[in-house]
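As structure tokens, the structure follows; a few thoughts come after it.
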There are 2 protein chains.
Amino acid sequence: MTEDSSETLIPKVSTARRLDGTKVASEIRESLRSRIDRFTQTVGRPPTLGILLVGHDPGSEIYVRNKIKSGEALGMATDLCRLDDTASIDDALSIVHTFNRSDRHDAILVQSPLPDRMGRDAEQQVFDAIDPTKDVDGFNPGNVGRLVQKRSSLAPCTPSGVIELLDRSEIEIGGARAVVIGRSDIVGKPMAMLLLHRNATVTICHSRTVHLSEVAASADILVAALGRAAFVTRDFIKPGATVVDVGMNRLNDQAQVEALFGRGSKKMAAFEKRGSVVTGDVHPEVEFVAGALTPVPGGVGPLTIAMLMSNTVGAAEARLARGEP
Amino acid sequence: MTEDSSETLIPKVSTARRLDGTKVASEIRESLRSRIDRFTQTVGRPPTLGILLVGHDPGSEIYVRNKIKSGEALGMATDLCRLDDTASIDDALSIVHTFNRSDRHDAILVQSPLPDRMGRDAEQQVFDAIDPTKDVDGFNPGNVGRLVQKRSSLAPCTPSGVIELLDRSEIEIGGARAVVIGRSDIVGKPMAMLLLHRNATVTICHSRTVHLSEVAASADILVAALGRAAFVTRDFIKPGATVVDVGMNRLNDQAQVEALFGRGSKKMAAFEKRGSVVTGDVHPEVEFVAGALTPVPGGVGPLTIAMLMSNTVGAAEARLARGEP
């Protein structure tokens, strides 16, 4: 009996160091405690985040709950303002203005997505309205501009979390070739800017990129942020590269999960228990080629929330330094 | 007698189509005339640009004079406010605030550089202070952010001029690999964003890039904006690539000019007449490899001023649409 040659071509021993986002996120959160305590003693209240949640998107419910839990665990305060699906853009703007004027709120987060019926540019209208000094997601155009100009204090949480993860994992960014797949305002573009500021040579790829796998394979650091399950296969990877997987895709199809992860895998067991699993943009086989890899879940996700906490504390301290709270 | 082999390796017939910035700039300016006339008839005054010039930098004197001449040739108005070298940052800010409040000024330009003695972040302070709706250089952080978010109406003049030149020369941007050498706020970064919005796959290189010539040679469209005379040599160029030379470097050394352009060249004749010549970041030998090339002078330079005129008219029309002038 001969071996299946396609099998023998793929070494089945993982080469990739696992970049543990959960651990790094915990380190970041712990480093905030003393700053939170100091702020609370000085001001007489903890750093406070105002959250606006509109509608009942199940993903958003989970994200918001995790943000609140994470804040409370650190001794920060969160105020959640919920609006029904039927709320208008003016209702949302009115909450934002209230948070803007409030002396109690150091930071403001409007959970994305807003309901479709608010209109196509509702999110941008709301982000435009947030006081830039309280804009902990960094989506306000003034903060986007200051990020480009390398003088931002409130950078978007996911890309700044990726930088923290690379730094704390001692992965050299300066001089590296970095490729970012995805050009969203929330991840792809700010990620490219942050890598550029750290002296990487940065390429931004997207749906219109020709020979995408070839371009990706030039990367020492590859960031996948396109939102397509297991799209980034081994041919995208330079052997030994660091691969950061920003994707969070829910799979409901048993055959797809089995094809990707194999019968008897942990993911299949999870699927059989819950009826779905979450997977990244990076194909599981990449762990046999990459030098380092972020898992999904447990990679970039926890860092996003840790950086939200960090931005909230930073915004609170900056207000205090300006004599505002 | 044998031929010099290094000579025979370089074909001496130019392969590069010359991208005539002077001609395209003239087309852009002509397309503004009817809009300027319409605005002038409606408002009772022409679109008006307020210029602040501080000190006596010889380059700035020339640039400002050219901007004024170009505006006047189109029937626009320019008000030039000059401050002496000894002016403070507050003096400069006070002029900006006056232009901001003025109903007569649709557009504001602060000529760079400001004198060193104003301090390191003087320019950014001044750009921050310019009313974003009048900010025709697009350097205000809000405008930088809107550019990144693909909703800017006032994009920086040099990179938007490059896009116009490529478009009007029928060079396909979508799907192309574009490499930008240089990461300045004024050219490199906005250039990368504009190319990205047009669906190029964009790489940003800089002084810390490893294997720069190799990365550059992956480009279908190469933009050189690093400010070093003749730095980009033939080994940076994929045969047939479009090369955009944003550099403007003054050479005062006869030996250097002769080495670059050869005895008996037009540049040498110009040097002998004037004692200096202006040259780009791209080496003259690139014309034997590139498919298309912008000359210096006569390439990107004229487009920068044409786009300034275009932005001024655009800002004036936008104010009119909002009922402001």
Determine whether residue A:226 is at pLDDT 95 or above, more than 10 Å from chain B (Cβ to nearest Cβ) and within 22 Å of residue B:217 (Cα to Cα).
no
Just the residues that are part of a helix (DSSP H, G or I), within 14 Å of another protein chain (Cβ to nearest Cβ) and either crowded, with 23+ Cβ neighbours inside 10 Å or not small (Gly, Ala, Ser) (or both), please, taken from the stretch B:95-141.
B:123, B:124, B:125, B:126, B:127, B:128, B:132, B:133, B:141
Do we find a residue being closer than 26 Å to residue A:137 by Cα, facing chain B (nearest Cβ under 9 Å) and hydroxyl-bearing (Ser, Thr, Tyr) anywhere in the stretch A:157-172?
no
Given the condition farther than 20 Å from residue B:163 by Cβ, of a type outside the set (Asp, Glu) and free of Cβ contacts under 8 Å to residues at least 40 places away in the same chain, answer yes or no: does some residue in the stretch B:277-293 qualify?
yes
Elements of type strands (runs of 3 or more DSSP E) in the stretch B:168-241, at least 1 residues being out of contact with any Cys (no Cβ under 8 Å at 6 or more places or on another chain) and assigned by TED's automatic domain parsing to the domain that holds residue B:109
none
Checked the stretch A:189-223 for anything farther than 11 Å from residue A:163 by Cβ and more than 9 Å from chain B (Cβ to nearest Cβ); matches are A:213, A:214, A:216, A:217, A:219, A:220, A:222
Checklist (1) touching a strand residue (DSSP E or B) at 6+ places or on another chain (Cβ under 9 Å); (2) of a type in the set (S, T, N, Q); (3) under 18 Å from residue A:169 (Cα atoms) applied to residue A:304, failing item
(1)
Is it fair to say residue B:7 is loosely packed, with under 14 Cβ neighbours inside 10 Å, part of a loop (DSSP other than H, G, I, E, B) and at pLDDT below 95?
no
Subset tally (residues that are crowded, with 23+ Cβ neighbours inside 10 Å and in contact with a Phe, Trp or Tyr (Cβ under 7 Å, 6 or more places away or on another chain)) for the stretch A:204-221
1
Restricting the first residue to the stretch B:30-47 and requiring it to be free of Cβ contacts under 8 Å to residues at least 60 places away in the same chain, which pairs with a second residue that is assigned to a helix (DSSP H, G or I) and surrounded by 13 or more Cβ atoms within 10 Å (Cβ to Cβ) meet a Cβ separation below 6 Å and a spacing of at least six or different chains?
B:46/B:40
Applying the selection to the stretch B:242-252, what residues are out of contact with any helix residue (DSSP H, G or I) (no Cβ under 6 Å at 6 or more places or on another chain) and in a loop (DSSP other than H, G, I, E, B)?
B:247, B:248, B:252
Would the stretch B:72-83 turn up any residue that is assigned to a helix (DSSP H, G or I), of a type in the set (S, T, N, Q) and at pLDDT 95 or above?
no
State all residues of the stretch A:84-94 that are loosely packed, with under 13 Cβ neighbours inside 10 Å, within 13 Å of residue A:115 (Cβ to Cβ) and modelled with pLDDT of 95 or more; if no residue qualifies, say none.
A:84
Is one or more of the residues making up the stretch A:35-49 modelled with pLDDT under 95, within 21 Å of residue A:159 (Cβ to Cβ) and either touching a Leu at 6+ places or on another chain (Cβ under 7 Å) or aromatic (Phe, Trp, Tyr) (or both)?
no
Considering only residues that are touching a residue at least 40 places away in the same chain (Cβ under 8 Å) and surrounded by fewer than 24 Cβ atoms within 10 Å (Cβ to Cβ), which ones fall in the stretch A:161-179?
A:164, A:168, A:169, A:171, A:173, A:176, A:177
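If you go through the stretch B:291-319 one residue at a time, how many are of a type outside the set (Asp, Glu) and in a helix (DSSP H, G or I)? Don't jump to the end; show me each part of the working.
Initially, the stretch B:291-319 is screened for residues of a type outside the set (Asp, Glu), giving B:291-316, B:318-319.
Filter once more, keeping what is in a helix (DSSP H, G or I): B:300-316, B:318-319.
The number of residues fulfilling the criteria is 19.
This table checks each residue for (1) in contact with a helix residue (DSSP H, G or I) (Cβ under 6 Å, 6 or more places away or on another chain); (2) among the aliphatic types (A, V, I, L, M).
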| residue | (1), (2) |
| --- | --- |
| B:150 | yes, no |
| B:158 | yes, no |
| B:176 | no, yes |
| B:190 | yes, no |
| B:196 | no, yes |
| B:208 | no, no |
What number of residues within the stretch A:69-118 are among the β-branched types (Val, Ile, Thr) and under 16 Å from residue A:59 (Cα atoms)?
1
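Which ones in the stretch B:257-266 are surrounded by fewer than 18 Cβ atoms within 10 Å (Cβ to Cβ) and either touching a strand residue (DSSP E or B) at 6+ places or on another chain (Cβ under 9 Å) or on the phi > 0 side of the Ramachandran plot (or both)?
B:262, B:264 - these are the residues of the stretch B:257-266 that are surrounded by fewer than 18 Cβ atoms within 10 Å (Cβ to Cβ) and either touching a strand residue (DSSP E or B) at 6+ places or on another chain (Cβ under 9 Å) or on the phi > 0 side of the Ramachandran plot (or both).
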Within the stretch A:271-290, how many residues are part of a loop (DSSP other than H, G, I, E, B) and of a type in the set (Asp, Glu)?
1
Within the set of pairs 6+ apart or on separate chains, which have a first residue in the stretch A:193-218 that is without any contact (Cβ under 8 Å) to a residue 60 or more places away in the chain, a second that is basic (Lys, Arg) and crowded, with 24+ Cβ neighbours inside 10 Å, and C-beta atoms under 7 Å apart?
A:196/B:183; A:204/A:183; A:206/A:183
Those residues of the stretch A:270-313 that are over 22 Å from residue A:16 (Cβ atoms) and either of a type in the set (D, E, K, R) or surrounded by 20 or more Cβ atoms within 10 Å (Cβ to Cβ) (or both) come to a total of 13
I'd like the full set of residues that are farther than 26 Å from residue B:241 by Cβ and surrounded by fewer than 16 Cβ atoms within 10 Å (Cβ to Cβ), limited to the stretch B:27-42.
B:30, B:31, B:33, B:34, B:37, B:38, B:41, B:42
Please go through the stretch A:47-67 and give me each residue that is surrounded by fewer than 22 Cβ atoms within 10 Å (Cβ to Cβ) and part of a loop (DSSP other than H, G, I, E, B), ordered by number.
A:55, A:56, A:57
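The values are calculated or read from the model by the stated rules, or taken from the named source; none is laboratory data. Everything numeric in this text was worked out from a predicted model, so none of it was measured. Methodologically, a virtual Cβ is constructed for each residue, glycine included, from the backbone with ideal geometry; neighbour enumeration extends over all protein chains shown.
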